[in-house]
Amino acid sequence: GRTKFKLIFNEVLIRFKRYSRKKFIDKNFLYKIPVNNNFIFFPLQQEPERSLLISTPQYSNQMKTIDFISKSIPKNYVLIVKEHPTQGPARGWRDISLYKKIINTPNVKLFHPNFDSRILLENCEAVVSVGGTSSFEAAIFGKPSIIFADLGYSVIPSVKKLNSYDELKDGIKNSLKSHVNPIHVF
């Protein structure tokens with residue numbers, strides 16, 4: 001079923017979607033940290049990605065994870081979600097409908113993929129990640145973190161590995177009380 005017409009049509013459609021999604025991102029995603037708000041940082045994983053599909057398939061629906069985190073954080077906190085910087089260039093941006101769901105989720109702020117993650121890591125109170133390197137980086141920045149995947153760096157005391165969403169509320173509460181000892185990272 002491949003024809004030159006279908007191939008060209010699909011390529012044009014892909015480019016149009018990438019352009020319109022990037023335009024939405026540039027117009028609607030944030031670049032400034034909310035003033036006077038404590039926040040927890042959740043970096044989106046690139047999709048498709050091994051760490052989501054193989055290591056933690058039960059957490060591959062990142063919108064569901066965002067919903068659970070936003071309902072589990074203390075009332076005086078916000079959840080900052082940041083799009084993965086290579087999602088669009090490498091795999092195509094996600095559907096605008098997903099971005100709108102994230103934006104409309106109470107107590108959640110969606111950040112632009114070009115925003116420097118180091119600024120978020122320096123200013124957050126904790127990091128929750130399905131299984132990326134942001135949780136390891138959090139330890140370097142002296143911040144506690146929560147992961148769902150079995151990763152080698154979960155031996156660091158400030159990185160808590162959870163086994164289900166049911167553990168999230170207590171996991172966040174305990175992480176926010178914990179102190180990160182930099183000696184454990186280096």
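Okay, here's what the table says:
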| read-out | value |
| --- | --- |
| Counted charge near I14, where neighbours are those whose Cβ lies closer than 12 Å (Asp, Glu -1; Lys, Arg +1) | +4 |
| Accessible area (Å², 1.4 Å probe, nearest 10) - Y77 | 30 |
| For the stretch 97-164: lysine pairs under 17 Å (alpha-carbon distance), excluding those fewer than 8 apart on one chain | 4 |
| Accessible area of the chain belonging to carbon and sulfur atoms, whole % at 1.4 Å probe | 55 |
| R21, R118, ranked by accessible area, largest first (probe 1.4 Å) | R118, R21 |
| Length-normalised contact order for the stretch 68-186 - Cα pairs under 8 Å, 6+ apart - percent | 22 |
| Under Karplus coefficients 6.51, -1.76 and 1.60, residue-wise ³J(HN,Hα) of the stretch 11-24 in Hz, glycine/proline x | 5, 5, 4, 4, 5, 5, 4, 4, 5, 5, 5, 5, 4, 4 |
| Accessible area per residue in Å² at 1.4 Å probe, computed on the stretch 1-124 | 60 |
| Folded to 0 to 90 degrees: helix 62-72 orientation relative to the chain principal axis, Cα | 30 |
| Label-point gap, in nm, between S154 and K71 - each point 7 angstrom along Cα→Cβ | 2.3 |
| Residue-averaged [θ]222 nm for the chain, counting only DSSP H segments that reach four residues, each worth -39500 (n - 2.57) | -11500 deg cm²/dmol |
| Alpha carbon centroid spacing (whole Å) that separates the stretch 1-62 from the stretch 66-119 | 10 |
| Lys, Arg +1 and Asp, Glu -1 on Cβ, resulting dipole of the stretch 1-140 about Cα centre, debye, nearest 20 | 820 |
| Extension gain, N37 back to F24 (0.36 nm per residue minus Cα-Cα distance, nm) | 2.1 nm |
| Cross-link partners of K32 among aspartates and glutamates (Cα-Cα below 18 Å; sequence separation of 8 or more within a chain) | E83, D116, E122, E125 |
| Identified option (computed Cα extents along the principal axes in Å; candidates (i) 54, 36, 32; (ii) 62, 39, 31; (iii) 59, 35, 31) | (iii) |
| Virtual spin-label span in nm between I14 and N181, 7 Å along Cα→Cβ | 5.1 |
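The values are calculated or read from the model by the stated rules, or taken from the named source; none is laboratory data. Since we're looking at a predicted model, the values are computed, not measured. Here the Cβ is made from the backbone with ideal geometry for all residues, glycine too, and neighbour counts use every protein chain on show. Please note that ligands, DNA and RNA were not included when accessible areas were found on the heavy atoms of the full protein model with its side chains. Shrake-Rupley method; radii C 1.70, N 1.55, O 1.52, S 1.80 Å.
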